[in-house]
Structures are given as structure tokens and as C-alpha cells.
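Only one structure is covered here, and it is reproduced in the block below.
The values are calculated or read from the model by the stated rules, or taken from the named source; none is laboratory data. Fair warning: this is a prediction, and the values are worked out from it, not measured in the lab. Note that each Cβ is placed from the backbone with ideal geometry, even for glycine, and that neighbours are counted across all protein chains shown. Surface accessibility is based on the protein's heavy atoms, side chains included, excluding ligands, DNA and RNA. Shrake-Rupley method; radii C 1.70, N 1.55, O 1.52, S 1.80 Å.
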Amino acid sequence: GLNVAREPSTAPDFLWGKELLFQADAHYYHHTDRPLAAKSAAELKNGERIGVIRGYEYGEQFFRNDAINKEWVSRHVQNISKLLAGRVDAIIMFDKTANLLLQKNGLEKQIVPAFPCESSLIYVAFSLSHPRAAYFAGKLDEGLRIIKANGVHAAIAAKY
């Protein structure tokens, strides 16, 4: 199983459990010295260079926007470096990831949220070709229902 954003582009590729693992909220982040003129994702229409991570899902609105330049990299630190150097206008990061990375590197005053990106609903997805995928998806759903009911799930989420 893999944690995957359940979106129209990923839905047909996997067997999905019923229980949501978590909702990942994300923002476009910009440098305080070079703020975006746009005040929302819908206003990004002028060839803005947006740094994103290969293999991540950013929502249908992002993928349909052909008026921006999507600059793909493998790691968040690459995007942060590009933003600091002015080689991209903004980067998209999940908020919890951004909080950890920016605080760890003392960048929380230089790189700040500009506006929200679409939230991603993260599920554990299973291979369609695995003969016991449905069994494991069911067992995971059962376990997630238990830890959501007893508060363990919320405690884990609060730590991250």
C-alpha cells in the first residue's frame, strides 16, 4: 500500500480503502521579497514559475492551468533553494511539510504562504494486481476506524 491523493487522475490506478488517512492542506508559498501579484490560484495566469514535486498530486485546477510554468523537481529542498534564488516565483508545499522544513532552516520569515492550493485527500492505495489487496484494504480500514474512535489517530496527526 502507498499513501496517495485520491483524485480523478489517480482513482482508476488503485484499489482504495474506504477510510481517509488524512487531509493534506497545501499553500502556494512565495518569498517575502518577491511576493506574487496573484491573490488566489485562479489568478495565476501570467506564466508564473511554480515549483512542484514530481509524483505529487496538486489538484485538478493546478493541472489544468496551462498559463503557469510547472517546474518539477525531486525534493522540497530543491524548490526552496530555487525560490530563495528567484528561479521560481512560488512553490507548493503541504502545510505540515512547509512548517517543518521552513522552521528547521530558519526560513519562516522569508518564505510564507501566499494563498491556498487545493487540499488533497490522502488514502492508502493498493495495487490492483495484488491478489490480497482487497483483504489488506479491509484490514487497514478496520484498524483506522479503531484508532480514529479511540483518539490515537488524532494524537498521531497532532505530532506531525
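So, counting K/R as plus one and D/E as minus one, what does the shell of residues with Cβ under 12 Å around GLU19 add up to? Residues near GLU19 contribute +3 overall. Measuring only protein heavy atoms, the 1.4 Å probe finds ASP89 accessible over about 50 Å². With a simple spin-label model that places each label point 7 Å from the Cα along the Cα-to-Cβ direction, the separation between LEU84 and ARG64 comes to 3.7 nm.
Expressed as a whole percent, the accessible area of the chain that falls on carbon and sulfur atoms is 55 (1.4 Å probe). Summing Lys and Arg as +1 and Asp and Glu as -1 over all other residues whose Cβ lies under 13 Å from the Cβ of LEU101 gives a net charge of +1.
Site-free segments of the chain were taken between trypsin sites (Lys or Arg not before Pro) in DSSP loops having at most 15 other Cβ atoms within 10 Å, sites themselves excluded; the longest one is 133-160. Taken one residue at a time, the phi angles of the range 23-28 give Karplus couplings (6.51, -1.76, 1.60, θ = phi - 60°) of 9, 9, 8, 9, 9, 7 Hz. Gly and Pro are set to x.
Here the Karplus relation 6.51 cos²θ - 1.76 cosθ + 1.60, evaluated at θ = phi - 60°, turns the backbone of the range 143-149 into coupling constants of x, 5, 4, 5, 6, 6, 5 Hz, with x for every Gly and Pro. Here the average projected area of the convex hull drawn through the C-alpha atoms of the range 33-160 stands at 10.0 nm². Our summary of shape: the Cα atoms of the range 1-57 have principal axis extents of 43, 20, 19 Å, ordered from largest down, in whole angstrom. Treating each Cα of the range 86-160 as one equal point scatterer and applying the Debye formula with no solvent, the log10 of I(q)/I(0) at q = 0.19, 0.23, 0.26 Å⁻¹ comes out as -0.94, -1.08, -1.21. Taken over the range 47-111, the percentage of Cα pairs per 10 Å bin, counting from 0 up to the bin with the maximum distance, is 21, 55, 22, 1.
Modelled label positions at TRP72 and GLN103, each set 7 Å beyond Cα in the direction of Cβ, lie 3.2 nm from each other. Averaged per residue, the range 70-143 has 54 square angstrom of accessible surface, using a 1.4 angstrom probe with ligands and nucleic acids left out.
VAL73 sits among other residues whose Cβ lies under 10 Å from its own Cβ, and their net charge, with Lys and Arg +1 and Asp and Glu -1, is +2. In order along the range 128-140, the phi-based Karplus estimate (6.51 cos²θ - 1.76 cosθ + 1.60, θ = phi - 60°) of 3J(HN,Hα) comes to 5, 8, 6, x, 10, 4, 4, 4, 5, 4, x, 5, 5 Hz; Gly and Pro are listed as x.
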